[in-house]
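First comes the structure, then the notes that go with it.
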Amino acid sequence: MRSYAFPGEIEPDILEAGAVQVPYMRTAEFSALVKDLERRLLAMVGADGGRMIPLTASGTGAMDAVVAGFVKSLPGEALVVDGGSFGHRWADLCRYYDHPVSTVPVAFGRDLNYEAMERTLEERRPAVLLMQHHETSSGQLFDVRRIGAMCRRLGVKFVVDAISSFLSEPFHMDGMGIDMAITSSQKGLNIPPGLSLIFLSKTLNDHKFAKGSYYFDLEENLRNLTRGQTPWSPATLLFLQLKARVEKLERAGGVEANIRRVAKLAARFRSALAAAGIDMPTEVKANCVTGFNVPQPQATTFARDMIDRGYYVMPSGNPTWFRVSHLGADTEDDTDSLTTTIKSLL
Ligand SMILES: *Cc1c(COP(=O)(O)O)cnc(C)c1O
């Protein structure tokens, strides 16, 4: 099987980094590993003087921690950009934790109206804006730099879910005016699921977080992490794979080189699909995934037919909407074989 679902194909040496006896975590060595990862990853997200909280949880765990600990600590309403299932999740979480929230609905696969967004921010003056950099359900990329400038001007705290844009789109917290960002292991980092990362900009260095969740308590995490320890048992092997992955990324030219690699594969896949007349309606396509419509009746069995031919692609709640991830370890030849197989089924 070849996987074009998250995390996609993982390189053999990264897999092997996790196929070892589990090291004990209450050691100086593990603390040093955590501190080293924090330093390198903060540089990758452009959060000078910030902090990183690794959580043993999938990406939604990080979203949960952000709402329970940060959003709940703020005196005013949260505003959420809802452009698909992940935007919707921010709003769901605010409601779950009983925090006042309103949403800016964005049609599936369409870009934000930035002028209208600016007016909404001016009128509502929310305490915090929560959004996705890349709404993974539709493939739509949002201009967070532009939104960050508005938030900074109006004194609105800005939280960005960069789970599926980190390492495949330019991203810089300080440069984009982002106070808090999250990512997770099984997307751009291309290691197995189970580890998510919260990045705090130095703008939050003295922030008093709310006690909204025991396991995800941000202050408890930050306190322990000053000495490189997580309060609870970490997913130790994922930390080893994360280290191997980060070192490999740095050796291969860093974040920019990885963005170029992913963008090239995405462009190659899209031009092959476009030549075959396949509908890819997303307005501003992120490098991470390509979403496309498969006509009926082929759509009904498309995901299964692809599995039978050796490929995982991602289906969705919409029976004709499918996505292919470009984040995995892949060559141009691999991508060409994938497109040949897709075209043979349509
Ligand atoms: C994958 C993803 C998440 C988190 O999903 P999990 O299944 O909990 O890892 C959140 N936001 C975005 C934008 C994602 O792509």
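The values are calculated or read from the model by the stated rules, or taken from the named source; none is laboratory data. All of these numbers come straight from a predicted model, not from anything done at the bench. When we count neighbours, we look across all protein chains shown, and the Cβ atoms used for this are built from the backbone with ideal geometry, even at glycine. Just so you know, the surface numbers come from the protein's heavy atoms only, side chains and all, with ligands and any DNA or RNA stripped out. Shrake-Rupley method; radii C 1.70, N 1.55, O 1.52, S 1.80 Å.
For region 318-345, filtered to residues that are aliphatic (A, V, I, L, M) and assigned to a loop (DSSP other than H, G, I, E, B), the residue that is surrounded by the fewest Cβ atoms within 10 Å (Cβ to Cβ) is A329. Cβ separations smaller than 9 Å between residues 6+ apart or across chains give the following pairs from region 49-62 residues that are more than 18 Å from Q229 (Cα to Cα) to residues that are away from the ligand (no atom under 16 Å from the Cβ): G49/L42; G49/D174; G49/S201; G49/K202; G49/N205.
Inside region 235-246, residues that are among the small types (G, A, S) and not in a loop (DSSP other than H, G, I, E, B) make up a count of 1. Might you check whether a residue that is closer than 29 Å to P170 by Cβ and within 22 Å of the chain's Cα centre (by Cα) occurs anywhere in region 25-35? Yes; the residues of region 25-35 include at least one that is closer than 29 Å to P170 by Cβ and within 22 Å of the chain's Cα centre (by Cα).
Taken together, the residues in region 220-237 that are of a type in the set (K, R) and in contact (Cβ under 8 Å) with a residue 60 or more places away in the chain amount to 1. For region 255-262, the criterion of being assigned to a strand (DSSP E or B) and open to solvent by less than 60 Å² (accessible area, probe 1.4 Å) is met by no residue. Among the residues of region 206-234, those that are under 16 Å from S31 (Cβ atoms) and outside any helix (DSSP H, G or I) comprise T226, R227, G228, Q229, T230, P231, W232, S233, P234. In region 288-316, the residue that is surrounded by the most Cβ atoms within 10 Å (Cβ to Cβ) out of those that are closer than 22 Å to H134 by Cα and without any contact (Cβ under 8 Å) to a residue 40 or more places away in the chain is F292.
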